[in-house]
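The values are calculated or read from the model by the stated rules, or taken from the named source; none is laboratory data. Bear in mind the structure is a predicted one, so any value in this text is a computation, not a measurement. Don't worry about glycine lacking a Cβ; one is built from the backbone with ideal geometry, like all the others, and counts go over all protein chains shown. Accessible surface areas use protein heavy atoms only, side chains included; no ligands, DNA or RNA. Shrake-Rupley method; radii C 1.70, N 1.55, O 1.52, S 1.80 Å.
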Amino acid sequence: MDTTTWLDDALAAIEDSECARLAAAEDWAAGPLGHPDTWPSELRSAVTLCFSTRFPVMLAWGEERTLIYNDGYREMLGTEKHPAAFAAPFAEVWSEIWDEVGSLYDDVLAGRALWHVDKPFLMHRSGYDEETTFTFSYSPLRDDAGVVRGMLDISSETTDRVVATRRLDTISDLASRLFEIEGGVQDVVDAAMDVLAGSADVSAAELWLEHTPSGGEPEVVRGGTDPARALVPVAVLEEVARGRRLAEHDGVVVHALGALRRDVTGALALRPASHRPLDGGNREFQALVASKLGNAIGVMLAHEREVDHLRSVSEVLQHAMLPEPLPQGRWHVHYQPAESSLEVGGDWYDVVSLGDSRWGVVVGDCVGHGLEAATHMGQLRAAARALLLTGHGPAATLDGLDRYAATVPGAEFTTVVCAVVDERTGVLTYSAAGHPFPLVVGPDGHEWLRGGRGGLLALRQDRRTEATHVLRPGDALLLYTDGLVERRGENLRTGLDRLAEIGAPVVRGADRSEVGDLLSRTMRPDGAPDDIALVLYDAWVEAEPSARTEAALGAATVSDTVGAATGLGLAAAP
């Protein structure tokens, strides 16, 4: 006689099922559900479904909400809840999350079906509090009278996917933050620690890096998510960094930073978040963080070295094109390259002894940067020096430069101011081609020299004019390029007013050994985006009173000088 029951048939649907064997061995008649032959039809159908699929299915029934589940759901119970959970009360099995799922169960008993996607739970299923997420549906199960007596749970654990996506987001955020860094190594380290401090997969991080800056001594850079507390001993970090290997210390994994030069060593210590196991996925995540960070530091250091090299070459080339340093005395010169540029600039100056206590001075600014601008700058400086040395005055010198610039493509539109100072009389003769006004700073005030104005070089005009001004003892003459006063989005007048307001006091009171640097920093405290060239002349040697008085009375406010070609073929003798 065949004694096979409906439950036997249901449990035989899948071979080698551990949970089916548990169901077959369970003494149901002695429990709250009673003998399976007495179970309502909907409960029988749910049990049959449960054991006919490998997809995770769980159902709970009756006053004690007794659990029945298949092998797929068994994986969700971790390492410690199964097999004790089988045929046990739902509230006992999931006591740590009952505050959340108990209310959901009550909603189901009220006849409502529920659906949740990636719902997080903090479970204690494998000996520790574990972060998990699930996508699941809860459906009501009714007895033969239509009363809801239980719940059918069809679910899928999404923890691995959710955590993997979150970790990729952390890697992406880290890469983006590091890409945006424009500072040095410490800025990169601090940004990385800030990102890791906000990661749900890292409870603590610490980085150690040793490198040698260009032309400097080896230096160590450190950072951590908790700077006041060391994560591992420094000796461990150094050993891993220099050995370029992996180590573990008291639950902390220490990774050697990859993608570094041989003269750069680094290590990153990471303590994983306590709610996730240190499994293969977690280790892979940590390795990616160390790789990204090492790569960012390596690229930044390589770029820093390249920038330092290019800037050094640029400055050497720029200074090679400038005149030799002047002997200490009345003349003070200063050149500062643009901080944001690696190219040679077009700003220049020259101071030429003309004999008989007379000096010629030229300050100019060619359009653009790079070798082309530097070439034009060198040619114009040489031409101006030659014209001054052959006896040409300021206006005649600019007239010659007009003619010369017109023959050199790219040299046009240069701004220049040219002046001749007679130290015996204090008479200054000057002419300007579109250049910012010279500034005379006296003991009690300042004066702009607005005479002798003309257009940019090579712009056709009738003639260049020059003006004179008598410098008195204690006066200082300042000639400069527009990098000292111009700022983006601001008109030149504002910059000139700033020079008079805060620059003039510097000229008046600064030690002459540092006046150029101090004036540049005062005018451009955030750094100069353009080159700065300036020349300062101190009128501190008095001429004979009669000679100075005669010069002052005889100096024309504005005198016209017309230049034509001689000597170099650039201008006529004055």
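So, R0 is 25 Å and r is the distance between the beta-carbons of Asn491 and Gln328; what FRET efficiency does that work out to, to 0.05?
Using R0 = 25 Å, I get an efficiency of 0.10.
Using only DSSP helix segments of four residues or longer, with each worth -39500 (n - 2.57), what per-residue ellipticity at 222 nm results for the chain after dividing by its residue count and rounding to 500?
Helix contribution divided over all residues of the chain: -10500 deg cm²/dmol.
How far is helix 280-320 tilted, in degrees, relative to the longest principal axis of the Cα atoms in the chain, given as a value from 0 to 90 rounded to the nearest 10?
Rounded to the nearest ten degrees, it is 0.
Enumerate by residue number the chymotrypsin sites (Phe, Trp or Tyr not before Pro) in the range 132-219 meeting two conditions: DSSP loop (anything except H, G, I, E, B), and at most 12 other Cβ atoms within 10 Å of the site's Cβ.
On the way: sites: Phe134, Phe136, Tyr138, Phe179, Trp208; in loops: none.
The qualifying sites: there are none.
Computed FRET efficiency, Cβ-Cβ of Leu114 and Ala30, R0 22 Å: what is it to the nearest 0.05?
Plugging the Cβ-Cβ distance into 1/(1 + (r/R0)^6) gives 0.10.
Mind ranking Lys81, Lys119, Lys292 by accessible surface for me, highest first, 1.4 Å probe?
I get Lys292, Lys119, Lys81, largest accessible area first.
Just to compare against my own numbers: the Cα pair-distance distribution for the chain, 10 Å bins, whole % per bin, please.
Whole-percent P(r) values from 0 Å outward: 3, 14, 16, 11, 10, 10, 9, 7, 7, 6, 5, 2, 1, 0, 0.
Using r as the Cβ-Cβ distance of Val148 and Ala230, and R0 as 60 Å, what FRET efficiency do you calculate, to the nearest 0.05?
That pair, Val148 with Ala230, gives E of 0.55.
Order 348-354, 48-54, 24-30 from most to least packed using the mean count of other Cβ atoms within 10 Å.
Taking the mean over residues of other Cβ atoms within 10 Å, the ranking is 348-354, 48-54, 24-30.
Hey, what angle do you get for helix 98-109 against the long axis of the chain, alpha-carbon based, 0 to 90 degrees rounded to 10?
The two axes meet at around 60 degrees.
Sort the following peptides by mean Cβ neighbour count (other Cβ atoms within 10 Å, averaged over residues), highest first: 94-105, 36-47.
36-47, 94-105
What whole-number distance in Å separates the alpha-carbon centres of the range 36-83 and the range 414-465?
97 Å
Can you give the Rg and Dmax of the range 66-168 based on its C-alpha atoms, in angstrom?
Considering the range 66-168 through its Cα atoms, Rg and Dmax are 14.2, 51 Å.
In square angstrom, what is the accessible area per residue of the chain with a 1.4 angstrom probe?
46 Å²
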